[in-house]
Every structure is written in structure tokens, then in C-alpha cells.
Amino acid sequence: MRHAHPARSIALSKESIRRHFERTASVWDYWHEKNAFYHDRMRDLVRAMVPAGATVLELGSGTGGLLSALEPSRGVGLNLCDELTERASARFPELEFYTVDVDQVTAPEDFRPDYVILTNMLDYVYDIWDLLESLRRWVSERTLLVITTNNPLWLPVLLVASKVGQRMPDAPRNFITNKDIRSVLELQGFDVVEEGMALPVPRRVPVVGSVCNTLIPELPLLRYTSSIQYLAARPRARRPALSCSVVIPCHNEADNIVECLRRVPDIGVRTEVIVVDDGSTDATRERVQELGRSDPRVRLLGFDRNQGKANAVRAGFAASRGDVLMILDADMAVAPEELPKFLKALQQGTADFVNGTRLVYPMQARAMRMANFLGNKLFCYLVSWILRQRVSDTLCGTKVLFRRDYVRMPSGGKERWGDFDLLFGAARLKLRILEIPVHYQERSAGESKMRAMREVWRFLRACWHGWRVLRRPIERADVQPAAADWRELGNSRQQGVAREDVWVDGQR
């Protein structure tokens, strides 16, 4: 019995994949129009992860409809046959299209995309490992990889639909699940930040279809009946040395703020400490000013009237200069000395957003009220379900992220504390959210401003807002930074130390 030469078998298999796209190129647009509902929903799924104005590379771009719908500042599409490339170039001359070999990625040398899209392309490739290995050289540590594939359970349905003329003629497909893709991605140095299912009803069915497509992908077990599976992943990469801005929002913390500032360690290549006085009626402001004369790291911003922690954090972030933004509560319930470990997680490239969790180590008896503890636990389950990433302590005040990511986050809701806005914003950008256990101490002076029962309706409203935001397409207006309502009125220098005193909603 004669065996085919391995190299020849590979060539024949790859050639059969190319011939499939050559056979379907002439009817590509016809079938997309015939099944417009399905392709419109696929477009919305991808647009929920890819903002307009980004640089985008699409593998398997067909005639360019999806790439154009993403409104990229620069879009590059790759196809496996010349006819599709020619048709796409004629339809969308403002975009770039190229023909490549099966399992190979080739793009302009100066092109490093923000997003790489593979919509149902892994169903047809010959070797997923080779494709991802070829792709690796074109991505940076900021690139998000978005992959959709057909649920293998739907393969018999798709085959029958092609036979009876309800969809494009098909070719043999890979039987591939999200677990298979995740395994190869992790071996190739990518971290999966989100995975899920979509579109259990891929044809237009009034009312019932809309309800099923909204609810079923969110339900355990039933979600696996959906026709589409998807993942979002980012490459792992060690980052260069980073500078840090530590933002300390405070309201009536005169008894804590000086010790807090003195305990903030130098973090990264450069550290600035931005205190945002949120309308304090005690001596908080004066004590920060006094310490700022001897500590060149300290800057002071302020509101005349109390605006809430979320607005104080936004003001501090807007004034920041560091690569990394850190939130530290002035009560020192989380010790300032714990901040360097948060930077290390970002520096090593294992996370894009680091959240503290206070619920691992034993805490002092009066560190957290029982009502706050129970409410926090309940909201953790709800938020984790919405984010599709585990978060065990939504309300921990210590959160760390990149400034470049913060300015791309959508404007938040009405939540007063800002924790939900940042978590939902991070999930919207498909950032890798990881948690670091912190030791939670009883505050040494003053009392907590958090009242769980008073805030519960605000938190529920924030969760509803987050659920809706995470499942709708990203519009251009969504990626503008959330503006903090403050203005800089002065910049004085005393004893060679730069300080900024900013007052809002009133005269200085």
C-alpha cells in the first residue's frame, strides 16, 4: 500500500481550502445578502469589541463588508484567493486587501494593528498553530485578538442548510471548540480575556428570536446551543519601566492624610501622588499643602463641594502624568505599602487591570460592617456574571490600570463610588482583569463613608448600565475619556517644589 508524501498531502489539503474560496468568491455577496440577519448580528458582536477609529487586521475578509463596518482608521484585509481580494478592493478602495497563502499572515511592514479579527476563519485553516505563529510577529502587547467560530454542534445543521440552498456551499470544516482554541492560544503566548457563545437563533424570527438571542447565551448549559462561539485574547509581553500616579480621593481625612502620604512608597521609575480633596470641611486641605512643601511628589486638587468619590477619582486621573494610575483610599484600610505588587503584575504583562480583593486574608473585627460584607459578596456574583471574568471584591478601593486604557474607557453611569464604572470600562476594552489579595485593616481614625443599604439601588442601576453597555456596539462617542468637572486655576512653586491647587464650583 502506497502512502502519500507528507509534504504533498499538506499541499493538497491547503490547495483544497483555497479552491473552496475560489469557487464561492463569485457568489459571496449574494449569500451575505440572503443571510443578512446572521451577518448583521455577527457584525454587532465584533463591533461590541472593536471601537471605530482603530487599526484593524482581518483574516478572511471576503469582500470587505465587516472590515468597512468597523470604520477603522487603517484597515487591512487578507484573503486566500485573488478574486475575493479584487472584489473587496473595488468595493472599498479606502481599505487595503491582500492575497496570502493558507495559514500565513502577511501585511505591510509598518502595520501593527490594534485589533486582529478572525470571523469563522479557524473553521477552514489547515493548521491553527502555524497560523497563530505566523500572526505573532504582527501583533504588539496592546493588540486584541477577536476570534469567532461555528459551534461544532451546529455542523450537521450547516451541512443540511448548504445542501438545500439556504446558505453558501460549504467545504469540510475543522471540529474546533473554544477549549481547543484557548489551549493553542496559551501555548502561543496569548491570554484569553473573554469567551462566550452567541446567536442561538441565526435567522430572523420575530420576538421569539430576539428573546432567545438575548437570554440563552447568558444561561448555563443552554448557552452551548448557540451557533457561534467567540474568544478575545491578548499577547503576553513584559513591559518597559513605568511611571506611576497614585490618586488619593479624600473627604474629611485630616487625621489620616499625612500618615497616608508619608507611607506611599516610591513606585516605578517616577511617582507622583495626587490628593483630590472632595469638599472637606476639616483641615485635610491645609495638611496636604503643608506636607507638599517638603515632598515634591505631592500634588493637590480640590472641589469646593462634595462631588463623590467617582468624580474625585476622575479629576485625579485627568490631571495625572504617569503611565500607571493607582487608586489608594486615604483611610489606609489597605496599606500603601501594598501598591508595588500591583505595579509588578502590570510590569510582567500578566494583567492590564489589577483589582484588590479584601476577602482572602482575615480582617480585623471592625474593618468592614456585616451589611457591607454581605452586599459586596452578592454584587461580586452579579458583576462577575456580567463581566464574564471573576471579580471577588467589586468595592475594594485599590484599583490599578494604565492611563492609556483609562482614556479609552466609555463614560460611566451614575454610580457615586466609581468602582463599577472602572470594572465595566475595563471589560468593555477586553482588558485582562486580575486580583491581588490585600490585608484589610480597621481605619485608625474617622469612619467609613460607605452605607451599603443606601447605595444598593445605585449599584443595581450601575450593573444594569454595565450589562447594556457591554453588549452593544462601540460607537465613536463611547471611546472618549470621561470628563471630570474640574479646572486648574493655579500652579505655584514654593521652595523649588511644584504644587497645584485647584478649586471647583466656586471662587478660590
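Every number here is computed from the coordinates shown, using simple stated rules; none is lab data. Predicted, not measured: the structure shown is a model, and the values here were computed from it. Virtual Cβ from ideal backbone geometry, glycine too; neighbours counted across all protein chains shown.
Descriptive notes on the structure:
- Cross-link reach list, lysines versus residue 309, counting only Cα pairs under 28 Å and skipping chain neighbours closer than eight places: 341, 344, 377, 399, 414, 430, 449
- The residue 141 and residue 183 beta-carbon pair, evaluated with R₀ = 30 Å, returns a calculated FRET efficiency of approximately 0.90.
- Label point of residue 171 set 7 angstrom out along Cα-Cβ; within segment 57-81, amide nitrogens under 11 Å from it belong to 80-81.
- Here the Karplus relation 6.51 cos²θ - 1.76 cosθ + 1.60, evaluated at θ = phi - 60°, turns the backbone of segment 234-242 into coupling constants of 10, x, 7, 7, 5, 9, x, 4, 10 Hz, with x for every Gly and Pro.
- In terms of the mean number of neighbouring beta-carbon atoms within 10 Å, the peptides 26-32, 308-314 order highest first as 308-314, 26-32.
- Magnitude of the charge dipole, segment 6-235, Cβ model with Lys/Arg +1 and Asp/Glu -1, debye to 20: 720 debye
- Coupling constants for segment 464-473 follow from the phi torsions by the Karplus curve (6.51 cos²θ - 1.76 cosθ + 1.60, θ = phi - 60°), and in residue order they are 4, 4, x, 4, 5, 5, 5, 10, 10, x Hz; glycine and proline get x.
- Global form of segment 245-346, assessed from the alpha-carbon gyration tensor, a/c cut-off 1.5: prolate
- Model label sites at residue 71 and residue 348, defined 7 Å from Cα along the beta-carbon direction, differ in position by 4.0 nm.
- Fully extending the segment from residue 82 to residue 381, taken as 0.36 nm per residue of separation minus the present Cα-Cα distance, adds 102.7 nm.
- Residue 119 long-range amide H proximity, modeled H, under 5 Å: 59, 148
- Dividing the summed -39500 (n - 2.57) terms of all DSSP H runs of n ≥ 4 by the residue count of the chain sets its mean residue ellipticity at 222 nm at -10000 deg cm²/dmol.
- Simple Cβ-charge dipole of the chain, Lys/Arg +1 and Asp/Glu -1, about Cα centre, in debye nearest 20: 820 debye
- Measuring r between the beta carbons of residue 407 and residue 270 and using R0 = 25 Å, the FRET efficiency lands at 0.85.
- Charged neighbours of residue 173, selected by a Cβ distance under 14 Å, balance to -2 (K, R count +1; D, E count -1).
- Among 399-408, 156-165, the order from most to least packed when residues are scored by Cβ within 10 Å on average: 399-408, 156-165
- Extent along the principal axes, Cα only, for the chain: 86, 48, 47 Å, with the longest axis given first.
- The mean sequence separation of alpha-carbon pairs under 8 Å and at least six residues apart, normalised by the residue count of segment 280-359, gives a relative contact order of 15 percent.
- Rounded FRET efficiency, nearest 0.05, which uses the C-beta distance separating residue 30 from residue 208 and R0 of 45 Å: 0.95
- Of the three principal axes defined by the Cα atoms of segment 6-235, the extents in descending order read 48, 40, 37 Å.
- Cα-based shape type of segment 227-270, given that a ≥ b ≥ c are square roots of the gyration tensor eigenvalues and the cut on a/c is 1.5: oblate
- Built from the Cα atoms of segment 286-346, the convex hull projects on average onto 5.3 nm², one quarter of its surface area.
- Cα shape, segment 1-132, gyration tensor, a/c 1.5 rule: prolate
- The residues packed around residue 108, meaning those with a beta-carbon under 12 Å from its beta-carbon, carry a net charge of -1 if Lys and Arg are +1 and Asp and Glu are -1.
- Under-5 Å amide H pairs with residue 274, H placed in peptide plane, nonlocal only: 246, 247, 248, 299
- Net charge contributed by nearby residues that have their C-beta within less than 12 Å of residue 97 (K/R +1, D/E -1): -4
- Protection proxy ranking of 201-208, 298-305, 59-66 - average other beta-carbon atoms within 10 Å, highest first: 59-66, 298-305, 201-208
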